[in-house]
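The next block holds one structure in the form of structure tokens; read it before the comments.
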Amino acid sequence: CLRREHQHQSISKRNVFYDAERRRRRADKKVHRQPLNRAMKIIFSGILLLLFGLTRAQPYAASNFTLISRMDPETGTNANGDKYAGCWGWTDNTGKEYAIACSQSGTYWVNISNPASPVVCDYEPGSNTGATWRETKTYLNYCYVVSDDTGSNAFQIFDMQYLPDSVHLVHQSDSILSRGHTLWIDGDKLYVASVTQSNSVYQSMNVYSLADPEKPGLIASLFDDHPFISVVHDMYVRNDTVFASCAWQGLYVFKLNADSTFTQIGSLSSYPSSGYNHSSALTPDGKTLVFMDEVPDGLPIKFADVSNLQNIQVKGTHKQFQNTTPHNPFMVSNRYCFTSSYQDGLQLYDLADPANPFIVGYFDTYPQGGNSANNYGPVAYKGQWGAYPYFPSKTILCLDMFNGIFLLKTHLYANPVSTVSVDEQSLTSALELYPNPAQSAFFFSVPSLFHDQDLTLTVLDVFGRKLIEHQQPKGTTTGKVDVSGLNEGMYTAVLSAGSKNTLNSKFIITR
């Protein structure tokens, strides 16, 4: 294009200048060629950069995952050059879904009900800014945020009932605790790992009652019963059974008793590729535990048989690439587990055989490093921090420490709770239940195909945990399930006839 433009300019000038002038210009040709060539090189380089940028517009290596949208609302970075840390999700009693993203400066609430067009509803600053570690969990309409960075710290509690308009800060103080590394909610109990209390006393793990969600009260401290545990980095808790990741000491299992004491019921301190035991997740059937060791970098994920807590055994290990460093696991069924791995992003594992786990899908949220860039750099702990694959819509939230919020989809996670197997035509519709939202009870209709069979109606929470099991005798057309003992929120009802024929439906409890 530049050459043609130069030619057109020369033609027009021949109509103006004398032959002598043209001869002079030809004599000066060598003088003018050099700056023109430099200009052409600069422009050509710009064109190459533009084309390269267009080819890199979607730089995320992926298999069996689709990117719906990405947003990056945080503008600042912490001392490590990162923007984000932990994330979680929340669904209100109308079905609206929200991503909660902890950043170096505070916490964002994003309405992802339309995941293609996410909207930031609110942002609240943290008690400390420039934080490397910030984590969050939810209970009812409350959001709990802890940080374990040095400097001024305070435990934060937010009331989310006013979303999508805003959230309200209802507690910001060190009166309950000042620092916490991670947190978990089991029923109406809040577990916090590596706690520093207001009096600067450190505890390996504390448990708080959420009877008053705005004023958690201390129930128990692990140190009181088991002072040999120096650090609890994270914990997965189900029905008061605690799978505690105890850093260099390994994995320990404790039971929180009715008298607020802890009993040790299992441990695993020696296992293949052991290191700094970081975090874990349990299958709904309680048979397989997936756990990760964070330090040194590059250690594989462990898949352990925990059906006998007196004899925990690692059945298999795996990682996506040689230098992959797994960070956090998220179990969605007995078969599937999502894992966040720093510079290599999100993986979806098939655990049908825990001794031979394999990856069925992945999405790399950090193209700046890792295997896709063929460069893990001097610091391994960059990239994806965590994920939240528990939204009713099956939208998958990932939070990358530098690149921000990712919303993904995968057809492999269309319905991890149950599957339709026989007589497809009669089982294509979802389970009919009403009212929805429910308050103290709901009714369900029994399909004609099931009238001559004994049925089981199971209520599951968003983690796949079995909360209610209702037996429905054969020959009936409707059933009633009492849910007065459950908290407000989103649940799944699964109607089963034998081991294969199932129907399911999402429902909401509100009061």
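The values are calculated or read from the model by the stated rules, or taken from the named source; none is laboratory data. Computed from a prediction, not measured in an experiment: that's the story for all the values here. Glycine also receives a Cβ, built like all others from the backbone with ideal geometry; neighbour counts cover every protein chain displayed. Surface areas here come from the heavy atoms of the whole protein model, side chains and all, with no ligands, DNA or RNA. Shrake-Rupley method; radii C 1.70, N 1.55, O 1.52, S 1.80 Å.
Of the accessible area of the range 267-421, with the probe set at 1.4 angstrom, what percent is carbon plus sulfur?
With neighbouring chains kept in place, the figure for the range 267-421 is 46 percent.
Please turn the phi angles of the range 72-89 into ³J(HN,Hα) values with the Karplus equation 6.51 cos²θ - 1.76 cosθ + 1.60 (θ = phi - 60°), one per residue in order, whole Hz, x for glycine and proline.
9, x, 7, 9, x, 10, 8, 4, 8, x, 9, 10, 10, 9, x, 9, 7, x
Tally Lys/Arg at +1 and Asp/Glu at -1 over every other residue whose Cβ is under 14 Å from the Cβ of Lys137; what's the total?
Around Lys137, the surrounding residues sum to -3.
By its C-alpha gyration tensor, with a ≥ b ≥ c as the square roots of the eigenvalues, how is the range 316-418 shaped: rounded for a/c under 1.5, else prolate for a/b larger than b/c, else oblate?
Oblate is the answer for the range 316-418, as a/c is 1.5 or above yet b/c matches or exceeds a/b.
I want to check the label-to-label distance for Tyr202 and Asn375. Put each point 7 Å from Cα in the C-beta direction and report it in nm to one decimal.
3.7 nm
Using the charge dipole of the range 249-360 (Lys, Arg: +1 at Cβ; Asp, Glu: -1 at Cβ; taken about the Cα centre), state which of Pro326, Ile265, Phe338 has its Cα farthest towards the positive end.
Projecting each Cα onto the dipole axis, the largest value belongs to Ile265.
Just add up the charged neighbours of Cys87: K/R +1, D/E -1, any other residue whose Cβ is under 14 Å from the Cβ of Cys87.
So the surrounding residues net to -2.
Could you state the per residue volume, in Å³, of the convex hull enclosing the Cα atoms of the range 161-283?
Given the Cα convex hull of the range 161-283, per-residue volume reads 133 Å³.
Past 18 Å, Cα to Cα: identify those pairs from Lys394/Lys506; Lys287/Lys315; Lys287/Lys409; Lys189/Lys255; Lys83/Lys382, in the order given.
Result: Lys287/Lys409 exceed 18 Å.
Any idea of Ser194's accessible area? Nearest 10 Å², probe 1.4 Å.
10 Å²
Would you please calculate the Kirkwood hydrodynamic radius of the range 51-190 over all C-alpha pairs and express it in Å, rounded to one decimal?
16.2 Å
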